[in-house]
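What follows is a short report on a single structure.
The values are calculated or read from the model by the stated rules, or taken from the named source; none is laboratory data. Keep in mind that this is a model prediction, so the values were computed, not measured. Cβ placement follows ideal geometry from the backbone for every residue including glycine, while neighbour counts extend to all protein chains displayed.
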Amino acid sequence: MTEQFQSSSRSPKKPRLAKLLLALVVVGGLVAGVGYVNRSSIRGFIDSFSEEEFSGEGNGSTEFTVAKGDTGEIVAKHLAEQGVTKDYATTLRHIIASNPTFFPGTYSLPLQISSDKAIELLTNPTNMQTNKVTIPEGWRVQDIIVRLSKVTGISASKFEKEAENLTQFDLPRAAPSLEGYLFPATYSFDKSLNAKSILRIMVNRMKQELERYGVAKKDWHRTLTFASIVQREARLTEDFYKVSRVFRNRLDINMALQSCATASYGVGEFSIIVTNRILNDDNPYNTYKYPGLPLGPIAAPGSLALDATLNPVDGSWLYFVTWNLKSGETIFSNTYAEHQAGIVKWDKWMAENPGWDE
C-alpha cells in the first residue's frame, strides 16, 4: 500500500513541469513576435542614443534642389552630401518618422542644421527660391524674352532657340511663331527651370485661359490673332469691347481692318503713327493692304482682350480714334465723316503735346 501511495503521489510532477515549460515557450514566442512587429520602434529607440546631428542655427547656406519624384532616401542622401545635415542614416530615420511631403523646387538652406530643421524648411513652399517676373499685356515675344533673360539669368539666345522649335508647344498649324501664345501674367519660376520649361509654362497658361473661355482648339489661332489686335488698339477697359465690335463689324462686311498696330508690326516697328512707307509695305500683317485678319497675333493678349474679343458690345461703329493718348479717350464713329472729325481732334492734341510717345 505504501509503495502504491508513493508511486501515485510522484506522478503529477511531470505534467506540471511540462505545462510550465510550454508556458515559457509561449511567452517567449509572444515576446519575440511583439519584438518583431515593433522592430523599427525598438531599433529607433536604440539608434536614438547614437544619432549624428548638428546643433545650432547653422553656418552659411547652400541652394538645395528637390527634383520631381525624389524619394525620402534621395533627399536624405543629398542633404548629407551638401553638408546641410550631418548623417544620411540619421536624416533618413527622421524623414521616415515624420513622413513629410516634399515640394519640388530650389531652396536656400543653412549648412550644418538638424534633420528636423531641414525637413521643416523643405516642407514649407514659401521657402522655395524662385525667379519672379511680370509680363505686361500687349508685349511681343522679343520683349518678353529680354525680360525673361534678365530675371532668370538664362541667355536670350537659349530662349530664342527654344521659341523657334514650335512643335514642342503643340500650337495650331497656322501659328507662324510663339507670338501671342505666351500668356501675360506674373510668374514665379523655380530657379532650376530651363528656357524650354519656362516657355512651355507660359504657353500652357495661355491654353488654360482659352479653355476657361470655352474656345475650341480649332479657333485658338483666330481668337488670339483678333485679341492681340484689340489688346494693342484699345486703351480704357470699357473701350476694349467697343474696339472688338468695330473690328467684328468690319470683318462682317469684308471691310479692311486698317489697324495701325498690325501694319507697324509687319515692318518690325511699334509706332502709333503709320507713315506711307508702313501703309504700302507688302507683308501679311498689313491690314490696310490685305482684308481679313493678319497672319497671326501681333502681341500677347490678356484676359480682358480675350473677353472683349469673345463678347463685344452691341454697336454699329466702323471707326475709332484715340484722340487723347494720355487719358486714352477714344472716339467711336459710324461714318467716315464723323471719323475725320475725330482725327482733327487727335491732330490738335498731338500738336499741343509734342514728342508724345507710348
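When the residues of segment 248-263 are narrowed to those that are outside any loop (DSSP other than H, G, I, E, B) and either under 32 Å from the mean Cα position of the chain (by Cα) or polar (S, T, N, Q) (or both), which ends up nearest to Ile343 (Cα to Cα)?
Ala261
Only one residue in Asn204, Asn254, Asn249 is surrounded by fewer than 18 Cβ atoms within 10 Å (Cβ to Cβ) and assigned by TED's automatic domain parsing to the domain that holds Pro172. Which one?
After applying the criteria, what remains is Asn204.
Can Lys196 be described as surrounded by fewer than 14 Cβ atoms within 10 Å (Cβ to Cβ) and touching a residue at least 24 places away in the same chain (Cβ under 8 Å)?
Spelling it out, it is not the case that Lys196 is surrounded by fewer than 14 Cβ atoms within 10 Å (Cβ to Cβ) and touching a residue at least 24 places away in the same chain (Cβ under 8 Å).
Just one of Ser303, Ser327, Ser316 is among the hydroxyl-bearing types (Ser, Thr, Tyr) and more than 23 Å from Glu137 (Cβ to Cβ); which is it?
The match here is Ser316.
Please specify each residue of segment 323-338 satisfying the condition of being closer than 25 Å to Trp356 by Cβ, modelled with pLDDT of 95 or more and not acidic (Asp, Glu).
Thr330, Ile331, Phe332, Ser333
Restricting attention to segment 53-99, which residues are under 18 Å from Asn124 (Cβ atoms) and among the hydroxyl-bearing types (Ser, Thr, Tyr)?
Of everything in segment 53-99, those that are under 18 Å from Asn124 (Cβ atoms) and among the hydroxyl-bearing types (Ser, Thr, Tyr) turn out to be Ser61, Thr62, Thr65, Thr85, Thr91, Ser98.
Does segment 275-306 hold any residues that are surrounded by 16 or more Cβ atoms within 10 Å (Cβ to Cβ) and either of a type in the set (A, V, I, L, M, F, W, C) or not in a loop (DSSP other than H, G, I, E, B) (or both), and which are they? Explain how you work it out, then say what you get.
Step one: filter segment 275-306 for residues surrounded by 16 or more Cβ atoms within 10 Å (Cβ to Cβ), giving 278, 281, 283, 285-290, 293-302, 304-306.
Selection gives Ile278, Leu293, Leu295, Ile298, Ala299, Ala300, Leu304, Ala305, Leu306.
Report every pair of residues separated by at least 6 positions or lying on different chains whose Cβ atoms are under 8 Å apart, first residue within segment 157-185 and touching a residue at least 24 places away in the same chain (Cβ under 8 Å) and buried (at least 21 other Cβ atoms within 10 Å of the Cβ), second among the hydroxyl-bearing types (Ser, Thr, Tyr) and in a helix (DSSP H, G or I).
Every condition considered, the pairs that remain are Phe159/Ser149; Glu179/Ser228; Gly180/Thr225; Gly180/Ser228.
Just one of the numbered conditions (1) assigned to a strand (DSSP E or B); (2) surrounded by 16 or more Cβ atoms within 10 Å (Cβ to Cβ); (3) not hydroxyl-bearing (Ser, Thr, Tyr) is not true of Lys132; which one?
(2)
Return yes or no: is Asn324 more than 16 Å from Asn249 (Cβ to Cβ), in contact with a Gly (Cβ under 6 Å, 6 or more places away or on another chain) and not hydrophobic (A, V, I, L, M, F, W, C)? Lay out the reasoning, then the answer.
Working: more than 16 Å from Asn249 (Cβ to Cβ): yes; in contact with a Gly (Cβ under 6 Å, 6 or more places away or on another chain): no; not hydrophobic (A, V, I, L, M, F, W, C): yes.
In short, no.
Answer yes or no: is there a residue in segment 337-348 that is in contact (Cβ under 8 Å) with a residue 24 or more places away in the chain and in contact with a helix residue (DSSP H, G or I) (Cβ under 8 Å, 6 or more places away or on another chain).
Checked segment 337-348: no residue is in contact (Cβ under 8 Å) with a residue 24 or more places away in the chain and in contact with a helix residue (DSSP H, G or I) (Cβ under 8 Å, 6 or more places away or on another chain).
Would you point out which residue out of Phe103, Phe183 is of a type in the set (Phe, Trp, Tyr) and in the same structural domain as Gly56 (by TED's automatic domain parsing)?
So the residue among Phe103, Phe183 that is of a type in the set (Phe, Trp, Tyr) and in the same structural domain as Gly56 (by TED's automatic domain parsing) is Phe103.
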